[in-house]
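We did not get these values from a lab; they are worked out from the coordinates using the rules stated. Keep in mind that this is a model prediction, so the values were computed, not measured. Please note: Cβ atoms are built from the backbone with ideal geometry, for glycine as well, and neighbour counts cover all protein chains shown.
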Amino acid sequence: MGMDVVGSGEGNANMSGDQADNSRDQKVRVAIIGSTGYGGVELIRLLQGHPQIEITSVISSSSAGVPISDGFPHLTDIIVQNLDGVDAQEIAGKADVVFAATPSGVSSTLVPQLLDAGLKVIDLSGDFRLKDAASYEHWYKHAAPEASYLEQAVYGLSEVYGEAVAGVDFISNPGCYSTASLLGLIPAISAGWIDPKSIIIDAKSGVSGSGRGVNLGVHYAEVNENLKVYKVNKHQHIPEIEQVLTQITGEPVTVTFTTHLVPMTRGIMTTIYASMNNTYSMKI
Ligand SMILES: NC(=O)C1=CN([C@@H]2O[C@H](COP(=O)(O)OP(=O)(O)OC[C@H]3O[C@@H](n4cnc5c(N)ncnc54)[C@H](OP(=O)(O)O)[C@@H]3O)[C@@H](O)[C@H]2O)C=CC1
Ligand SMILES: CC(=O)N[C@@H](CCC(=O)OP(=O)(O)O)C(=O)O
């Protein structure tokens with residue numbers, strides 16, 4: 001199935017015809033599974049603006065054959081394509097890289113098929129972030145992916161692991177809260193300012209973080225003018241944050257981490273507390 005991408009950087013006004021053709025030749029062909037979800041549609045927005053990327057397939061397990069603009073009218077005339085079904089071989093015929101913007105428990109079975117079909121994969125779910133299968137099963141309550149795929153996955157916190165992700169076949173993107181926590185903590189830990197054994201993270205998220213599906217905990221009347229703490233000591237990003245900090249410090253790190261749902265659409269705020277190392281002090 002062909003696709004007509006409008007406004008994706010083709011015909012750059014500063015390029016001669018030959019240069020523009022070369023630039024088009026070098027474009028990476030990208031497919032997005034879960035493109036009807038919040039992560040998928042945000043990916044479309046970001047990738048559409050990238051001069052070296054061409055979105056060649058937008059994929060849905062539930063709405064194949066339907067124009068993507070049916071669910072997202074703002075994409076009318078921007079992506080003129082019907083949604084494709086989920087078929088690893090078909091995707092491999094159209095794309096070099098595929099994003100899996102799919103729920104945990106779905107990515108764990110889908111991603112191995114995509115890798116085996118020769119695609120480069122970037123997974124947004126939590127399924128391949130934890131290196132320890134038993135820990136994954138404890139926190140996520142699903143069967144863990146095969147060990148070889150867990151080993152292959154490179155943790156995609158690109159601000160910290162930029163060199164490690166460059167050129168690999170399989171990137172497992174970090175969790176939302178983990179990103180907001182680690183980007184605050186890693187510079188302070190690396191500089192030796194704080195005691196990694198004293199970390200308390202108070203995290204707050206908007207509602208889009210729970211995805212586009214509706215359930216009682218996220219519908220308007222439950223969330224509006226309300227505030228709630230959830231998944232106390234049970235949040236799946238606790239072992240992810242601890243895994244990274246343990247790797248960085250070289251000693252076991254545990255964190256106190258609490259999540260709150262706040263009545264806003266998107267965004268995360270983490271307020272992080274830690275004791276200063278005794279060679280440092282705070283000037284007020
Ligand atoms: N929302 C956020 O802020 C963040 C989300 N994440 C993670 O990214 C992933 C996507 O999240 P998000 O976009 O919010 O979730 P959504 O629920 O909004 O979207 C997930 C999409 O996955 C598709 N899907 C569901 N089941 C299957 C299946 N069996 N096979 C193929 N596709 C399927 C659905 O689309 P369809 O029915 O059309 O196939 C659905 O639209 C999740 O793992 C999430 O935890 C990570 C960081 C931030
Ligand atoms: C508000 C809200 O419900 N947020 C979700 C974030 C889920 C998520 O993105 O989880 P992974 O990245 O690990 O897949 C939660 O707290 O579970």
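Which distance in nm do the two modelled labels at Asn82 and Thr271 give, with both placed 7 Å along the Cα-to-Cβ direction?
With each label point 7 Å from Cα toward Cβ, the separation is 5.2 nm.
Taking the beta-carbon count within 10 Å as an exposure proxy, list His235, His219, His50 from fewest neighbours to most.
Least to most surrounded, the residues fall as His219, His50, His235.
So, counting K/R as plus one and D/E as minus one, what does the shell of residues with Cβ under 14 Å around Gly34 add up to?
Values: positive: Arg212; negative: Glu42, Asp84, Asp123, Asp127.
After counting each charged neighbour, the total is -3.
What nm distance separates the two modelled labels at Asn278 and His138, each placed 7 Å from Cα along Cα→Cβ?
Rounded to a tenth, the inter-label distance reads 3.2 nm.
Could you work out the percent of alpha carbon pairs in the chain separated by over 23 Å, rounded to a whole number?
It works out to 60 percent of all Cα pairs.
Lys and Arg at +1, Asp and Glu at -1: add these up for the other residues within a Cβ distance under 14 Å of Val244 and post the number.
Its environment carries a net charge of -3.
Run the count for the chain, please: Lys pairs, Cα-Cα under 20 angstrom, 8 or more apart or on different chains.
12
Pull up the DSSP beta bridges for segment 4-173 and report the antiparallel fraction as a percent, rounded to 5.
15
Given springs between every Cα pair under 10 Å in a Gaussian network model of the chain, which of Gly217, Gly206, Gly34 has the largest fluctuation?
Gly217
Add -39500 (n - 2.57) for each DSSP H run of 4 or more in the chain, then divide by its residues: what number comes out at 222 nm, to the nearest 500 deg cm²/dmol?
Rounded to the nearest 500, it is -9500 deg cm²/dmol.
Using a Gaussian network for the chain with springs between C-alpha atoms less than 10 Å apart, which of these wobbles most: Thr256, Thr102, Thr179?
Thr256
How much length would be gained if the chain were fully extended between Lys231 and Val218, taking 0.36 nm per residue of separation minus their Cα-Cα distance, in nm to one decimal?
Once the chain is fully extended between Lys231 and Val218, it gains 3.3 nm.
Give me the distance in nm between label points sitting 7 Å out from Cα along the Cα-to-Cβ direction at Glu90 and Glu146, one decimal.
Simple spin-label model gives 2.4 nm for this pair.
Roughly how many whole Å is it from the C-alpha centroid of segment 205-284 to that of segment 67-121?
29
How charged is the neighbourhood of Val229? Take every other residue with its Cβ under 13 Å from the Cβ of Val229, and add Lys/Arg as +1 and Asp/Glu as -1.
That sum, taken over residues with Cβ under 13 Å, equals +3.
I'd like the antiparallel share, as a percent to the nearest 5, of DSSP beta bridges with both residues in the chain.
35
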